[in-house]
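This report refers to the structure that appears directly beneath it.
Bear in mind these aren't lab numbers, they're just calculated from the coordinates by the rules spelled out. Fair warning: this is a prediction, and the values are worked out from it, not measured in the lab. Cβ coordinates were reconstructed from backbone atoms using ideal geometry, including for glycine residues, and neighbour counts include every protein chain displayed.
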Amino acid sequence: MLFGSCIFLFWFPTITLAVYYALNWVSKNRVDPMTDARWLEFSPKLPTYWLAFASFVFYGWWRLEYCVLLLLVIAINYFGGRAIARAGSKRKRFAALCASVSASLGILGFFKYAGMLLE
């Protein structure tokens, strides 16, 4: 899905934001607007999960392989963040931060410049 396409300009952000705000309202109020009765308990993180899913749809629309790459970068940064949280000293936290950022930038650099270097 390209930024200039009609699908992206009109449908994708409209649907994504409408569902996000509806989930946000439901997760905060937890009341059925039609019957004013309690119903399904939603996680307050549900709108965030929706945005993550919409991001994967956006990336996968163009090339499905990029969803795997996005999962890899998310995993690297997640485990890097956990390593930073577990590290006892400032030096270990800085080392974990540098490793996580270096891995992310390395992946970005590879996919951005590998084709140019191979020519």
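One table, with the values for the structure above:
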read-out: Projected area averaged over orientations for segment 63-119, convex hull of C-alpha atoms, nm²; value: 4.4
read-out: Cα→Cβ-extended label distance, 7 Å offset, between Thr14 and Ala99, nm; value: 4.8
read-out: Sequence of Trp25, Trp50 once ranked by neighbouring C-beta atoms within 10 Å, starting from the fewest; value: Trp25, Trp50
read-out: Proximal lysines relative to Lys28, as straight alpha-carbon distance under 16 Å, when same-chain residues fewer than 8 apart are discounted; value: Lys45
read-out: Percentage relative contact order, the chain, counting C-alpha pairs under 8 Å, at least six apart; value: 16
